[in-house]
Structure formats: structure tokens, C-alpha cells
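Here's the structure we're looking at; comments come further down.
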Amino acid sequence: MPCGECTACCTASQFVHIGPDERDALSVIPPEVLFPAPGFPAGHVLMGYDDQGCCPMFDGNGCSIYEHRPRTCRTYDCRVFAATAVVPEDPEIAARVTRWRFDYGTDEALRTQEHLKQRAAADDDSNQTRRAVKAVSG
């Protein structure tokens, strides 16, 4: 994900899921910022955010554990919102999303994106992230 200097997802009051197999991340994250992940088997945890909505591993400039960050952080891609025309709740992420531009090498590629937008628009899920992800994965 070409984030550059963008840290919007780090400051967007998001919970970060961490699986029990992510030993590297779990070894550097203080246990006091983790809690059991509801609806997941034992060993799955969530990392919350601070009073300002920032990830507790965000140091003001970026991720303090970048080389050890959880899988959720490694795979997060805000372009899913732009691809599906879903507006994320967080204003900083929404601002970032409006800057994405796609190049369509073929008419088929353009039709594919239009199909993704239609799928997302037809979904009544109130969670924007879930709606965008379902549109591209389903």
C-alpha cells in the first residue's frame, strides 16, 4: 500500500485485530492495550485506541512498531473505498480516498469497477468498511 506520509488509519479510532499466530506483533505490544476479540476463538485480541483516537503504537509521526505491526495493519488498503465509491466514516481517511485515481487499461477494467460500485451501493450494511470489503471480495 503506497501510504507515503499518510497516517489516517493510525488516527481513525479503529480497532486492530491480532491473531494468536502473530507472535512477532504480540511480543512488542503492551498487553494492557489488548483485550479479547468478541466473536473470535480464544487467543484472538483487539488493540484499541487512545483518547484522541490514535493507535497506542502511533508515536505522532508513524508506527513505533512498523517492522512488527499486526497483519491487519500490513494488509489495510484504503483504496477499497475509492474502488467501491463507499465513503468511510473517518474524515481523514475519506480525504485520502478522494485523492485516489484509477487508470483503466481496458473497457473491462472500467466495467469491473462500475460493478464493484453497484454491489457496494446495493448492500445495506451500515458499516462502510465491511460494505466496501464485501463488494470487492464477494
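The values are calculated or read from the model by the stated rules, or taken from the named source; none is laboratory data. Note that this is a predicted model, so its numbers are computed, not measured. Positions of Cβ are backbone-derived with ideal geometry, glycine not excepted, and every protein chain shown enters the neighbour counts.
Keeping to region 83-95, report how many residues are hydrophobic (A, V, I, L, M, F, W, C), crowded, with 20+ Cβ neighbours inside 10 Å and under 13 Å from the mean Cα position of the chain (by Cα).
The total comes to 1.
Show the residue pairs meeting these rules: Cβ distance below 9 Å; 6+ apart or different chains; first residue within region 51-80 and within 13 Å of residue 6 (Cβ to Cβ); second residue assigned to a helix (DSSP H, G or I) and β-branched (Val, Ile, Thr).
Every condition considered, the pairs that remain are 58/11; 78/93; 78/97; 79/97.
Kindly indicate whether residue 120 is among the small types (Gly, Ala, Ser) and under 22 Å from residue 6 (Cβ atoms).
Taking the combined requirement at face value, the residue does not satisfy it.
Could you check, for region 37-54, whether at least one of its residues is modelled with pLDDT under 95 and touching a strand residue (DSSP E or B) at 6+ places or on another chain (Cβ under 8 Å)?
Within region 37-54, one or more residues are modelled with pLDDT under 95 and touching a strand residue (DSSP E or B) at 6+ places or on another chain (Cβ under 8 Å).
Inside region 83-138, can you point out the residues that are of a type in the set (Lys, Arg), assigned to a loop (DSSP other than H, G, I, E, B) and under 20 Å from residue 10 (Cβ atoms)?
99
Output the residues belonging to region 1-13 that are surrounded by 13 or more Cβ atoms within 10 Å (Cβ to Cβ) and in contact (Cβ under 8 Å) with a residue 12 or more places away in the chain. Step through it out loud before you land on a result.
Here is the first cut: in region 1-13, the residues surrounded by 13 or more Cβ atoms within 10 Å (Cβ to Cβ) are 3, 6-13.
6, 7, 8, 9, 10, 11, 12, 13 - these are the residues of region 1-13 that are surrounded by 13 or more Cβ atoms within 10 Å (Cβ to Cβ) and in contact (Cβ under 8 Å) with a residue 12 or more places away in the chain.
How many residues are surrounded by fewer than 16 Cβ atoms within 10 Å (Cβ to Cβ) and within 15 Å of residue 64 (Cα to Cα) when one looks only at region 14-34?
Summing the residues that are surrounded by fewer than 16 Cβ atoms within 10 Å (Cβ to Cβ) and within 15 Å of residue 64 (Cα to Cα) in region 14-34 gives 4.
Only residues in region 111-129 that are under 14 Å from residue 80 (Cα atoms) and free of Cβ contacts under 8 Å to residues at least 60 places away in the same chain count as the first member; pair them with residues that are among the hydroxyl-bearing types (Ser, Thr, Tyr) and exposed (fewer than 12 other Cβ atoms within 10 Å of the Cβ), Cβ under 8 angstrom, at least 6 apart or cross-chain, and list the lot.
113/104
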